[in-house]
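K.L.:
I have a structure I would like to understand better, so I am pasting it below and will then ask my questions one at a time.
The values are calculated or read from the model by the stated rules, or taken from the named source; none is laboratory data. This is a predicted model, so every value here is computed, not measured. No Cβ is skipped: glycine too gets one built from the backbone with ideal geometry, and neighbour counts run over all protein chains shown.
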Amino acid sequence: MHRDGDIYSIAVSNDLVLTGSSSHRIHAWKPLDCHAKGYIHASSGEVRAMVAHGEVLFTSHKDHKIRVWNMKDCSGNSSSSSFRPRKLTTLPNDSHFKKIISRPIAPQIKGTSKPIIIPQHRDTISCMAYYHVEGILYTGSFDRTVKAWRVNEKKCVDSFIAHGGNINDMVVNQQNGYLITCSSDGTVKMWLRVYGENSHALIRVLVFHAYPFHALAFSVAVSNKSFLYSGSTDGTINYWEQEISCRYTHGGFLQGHRFAVLSLVTIENIVISGSEDSTIRIWKREKGRGNIHECLAVLEGHRGPVRCLATFLQKDKFALSFLVYTASLDQTFKAWRVKLSPEVKKSPFGDDDDDDDDREESKSQMEFETSPVLSPSWVKKKLQISRSLHKLV
């Protein structure tokens, strides 16, 4: 589906799938058939990041502000004319700036004054995460800062420089409040809000290589173990396993993508990755096998980098069934239906029996995996960059 230029973000809100692009419109789609439901028209475009919780949708815009929308009564089976989201507020709003301007300038004793928090990002807001336990919205930006917004008070309560490069993605562990960020500086960092305060402290820096990180995903296993996944420029997905002490140990990496991993999402023990090589890979973390990950399928169809992903879980008593939504810089939005049997060990699309159709389907899937669909212009661009780097060396 072609809509309004490059698509940068996808969010699932109740029974709606929303896409944000370089235009001023945020399109809404029905999750199952992807028919257009309507759209939100914002005063600023380039919606780089979105996050939804319940009936509330947060969107970031080109003017470096966040808009908060009430999506109540926007879902259902009624016609698109009934799609009427209501904007609740814009962050930061005018009251933030009035407070800063009206703040009296007075002599302050060293070590006792609180730092003045600049409420607005100075560059693109690239990612957001919502900690619903405390009602805190986190935003990360290319200006290298993270800002924490207390939503019910409609104000920025903390701002800090988190990385030495662009902040590309962030996730929140809803169990303990850990904020995890990744950056073009080649690091993944863990932060925690100081007890009883609004400030945040750096807990740990996860470094495994010097490549820029573009995407993060968080997964909680049945055993209450958690897994953190990060996608980087070299095409690998690193993963860390959380120990009882809340420390993370590097578990290994997943290889398969040819170019940078730009987007990640998890659903139960499934990891889904979107790449600059235009493909989407579905990985399964095997239980009781030393956290071995197996690539079950490669989805092909885009002709440009897969910029963002989202999933929608479907009800199925006999299998894990879900929809995968993908958006690419080829300016298309696609939906994929995935159904995995819980007994699958070898073939991702059938039981382990001697059925010829299942074996043939698995075989064709492997053949499909070896021939990714790449845009010729994109490959040419990548080769030119590669030659330039070799000349510099």
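K.L.:
Given the stretch 274-339, what strands (runs of 3 or more DSSP E) lie entirely inside it while holding 2 or more residues that are over 15 Å from Leu264 (Cα atoms), touching a Pro at 6+ places or on another chain (Cβ under 8 Å) and free of Cβ contacts under 8 Å to residues at least 24 places away in the same chain? Explain how you work it out, then say what you get.
P.N.:
Details: elements: 280-285, 293-299, 306-314, 320-328.
Counting at least 2 such residues, we get no strands (runs of 3 or more DSSP E) at all.
K.L.:
Assess whether Gly256 counts as being within 22 Å of Asn269 (Cβ to Cβ), of a type outside the set (D, E, K, R) and in contact with a Phe, Trp or Tyr (Cβ under 7 Å, 6 or more places away or on another chain).
P.N.:
On the way: within 22 Å of Asn269 (Cβ to Cβ): yes; of a type outside the set (D, E, K, R): yes; in contact with a Phe, Trp or Tyr (Cβ under 7 Å, 6 or more places away or on another chain): no.
Here the answer is no, as Gly256 does not meet what is asked.
K.L.:
Could you check, for the stretch 293-313, whether at least one of its residues is of a type in the set (Asp, Glu), within 19 Å of the chain's Cα centre (by Cα), within 25 Å of Cys182 (Cα to Cα) and at pLDDT below 95? Write out each step before concluding.
P.N.:
The first filter runs over the stretch 293-313 and keeps only residues of a type in the set (Asp, Glu), leaving 294, 300.
Filter once more, so that each one left must be within 19 Å of the chain's Cα centre (by Cα): none.
Scanning the stretch 293-313 turns up no residue that is of a type in the set (Asp, Glu), within 19 Å of the chain's Cα centre (by Cα), within 25 Å of Cys182 (Cα to Cα) and at pLDDT below 95.
K.L.:
Sticking with this one: Of Ser141, Ser80, which residue is within 22 Å of Gly45 (Cβ to Cβ), touching a strand residue (DSSP E or B) at 6+ places or on another chain (Cβ under 6 Å), modelled with pLDDT of 95 or more and among the hydroxyl-bearing types (Ser, Thr, Tyr)?
P.N.:
On the way: Ser80 fails: modelled with pLDDT of 95 or more.
Ser141 is the lone residue from the list that is within 22 Å of Gly45 (Cβ to Cβ), touching a strand residue (DSSP E or B) at 6+ places or on another chain (Cβ under 6 Å), modelled with pLDDT of 95 or more and among the hydroxyl-bearing types (Ser, Thr, Tyr).
K.L.:
Considering the stretch 5-45 alone, what residues qualify as being free of Cβ contacts under 8 Å to residues at least 40 places away in the same chain, part of a loop (DSSP other than H, G, I, E, B) and closer than 19 Å to Arg307 by Cα?
P.N.:
If the condition is that a residue be free of Cβ contacts under 8 Å to residues at least 40 places away in the same chain, part of a loop (DSSP other than H, G, I, E, B) and closer than 19 Å to Arg307 by Cα, then Ser22, Ser23, His24, Gly45 are the ones that fit.
K.L.:
Condition first: within 20 Å of Tyr131 (Cα to Cα), β-branched (Val, Ile, Thr) and either in a strand (DSSP E or B) or under 18 Å from the mean Cα position of the chain (by Cα) (or both). Can you find one or more residues in the stretch 239-252 that meet it?
P.N.:
no
K.L.:
If you go through the stretch 341-354 one residue at a time, do you hit one that is within 24 Å of Leu32 (Cα to Cα), in contact with a Leu (Cβ under 8 Å, 6 or more places away or on another chain), modelled with pLDDT of 85 or more and not charged (D, E, K, R)?
P.N.:
Scanning the stretch 341-354 turns up no residue that is within 24 Å of Leu32 (Cα to Cα), in contact with a Leu (Cβ under 8 Å, 6 or more places away or on another chain), modelled with pLDDT of 85 or more and not charged (D, E, K, R).
K.L.:
Taking Arg193, is it surrounded by 18 or more Cβ atoms within 10 Å (Cβ to Cβ), among the charged types (D, E, K, R), more than 24 Å from Thr233 (Cα to Cα) and without any contact (Cβ under 8 Å) to a residue 60 or more places away in the chain?
P.N.:
On the way: surrounded by 18 or more Cβ atoms within 10 Å (Cβ to Cβ): yes; among the charged types (D, E, K, R): yes; more than 24 Å from Thr233 (Cα to Cα): yes; without any contact (Cβ under 8 Å) to a residue 60 or more places away in the chain: yes.
When the stated conditions are applied, Arg193 passes them.
K.L.:
Which residues, counting only those in the stretch 193-214, are out of contact with any Lys or Arg (no Cβ under 9 Å at 6 or more places or on another chain), part of a loop (DSSP other than H, G, I, E, B) and either farther than 17 Å from Glu134 by Cα or not β-branched (Val, Ile, Thr) (or both)?
P.N.:
Restricting attention to the stretch 193-214, the residues satisfying the condition of being out of contact with any Lys or Arg (no Cβ under 9 Å at 6 or more places or on another chain) are 193-197, 207-214.
Adding the requirement that they be part of a loop (DSSP other than H, G, I, E, B) leaves 194-197, 207-212.
Passing the criteria: Tyr195, Gly196, Glu197, Val207, Phe208, His209, Ala210, Tyr211, Pro212.
K.L.:
Could you look through the stretch 139-166, keep only residues that are in contact with a Phe, Trp or Tyr (Cβ under 9 Å, 6 or more places away or on another chain) and among the basic types (Lys, Arg), and pick out the one that is surrounded by the most Cβ atoms within 10 Å (Cβ to Cβ)?
P.N.:
My answer is Lys147.
K.L.:
If you don't mind, another one. Testing Gly196 on (1) on the phi < 0 side of the Ramachandran plot; (2) out of contact with any strand residue (DSSP E or B) (no Cβ under 7 Å at 6 or more places or on another chain); (3) not basic (Lys, Arg), one condition comes back false. Which one is that?
P.N.:
Status for Gly196: all satisfied but (1).
Conditions tested, residue by residue: (1) more than 20 Å from the chain's Cα centre (by Cα); (2) of a type in the set (D, E, K, R).
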{"position": "Asp6", "(1), (2)": "no, yes"}
{"position": "Val12", "(1), (2)": "no, no"}
{"position": "Val17", "(1), (2)": "no, no"}
{"position": "Ala28", "(1), (2)": "no, no"}
{"position": "Asp33", "(1), (2)": "yes, yes"}
{"position": "Lys37", "(1), (2)": "yes, yes"}
{"position": "Ser43", "(1), (2)": "yes, no"}
{"position": "Glu46", "(1), (2)": "no, yes"}
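K.L.:
Looking at the stretch 167-180, is at least one residue surrounded by fewer than 17 Cβ atoms within 10 Å (Cβ to Cβ) and within 26 Å of Thr90 (Cα to Cα)? Steps first, please.
P.N.:
Initially, the stretch 167-180 is screened for residues surrounded by fewer than 17 Cβ atoms within 10 Å (Cβ to Cβ), giving 174-177.
Subset that is within 26 Å of Thr90 (Cα to Cα): 174, 177.
So far as the stretch 167-180 goes, yes, one or more of its residues are surrounded by fewer than 17 Cβ atoms within 10 Å (Cβ to Cβ) and within 26 Å of Thr90 (Cα to Cα).
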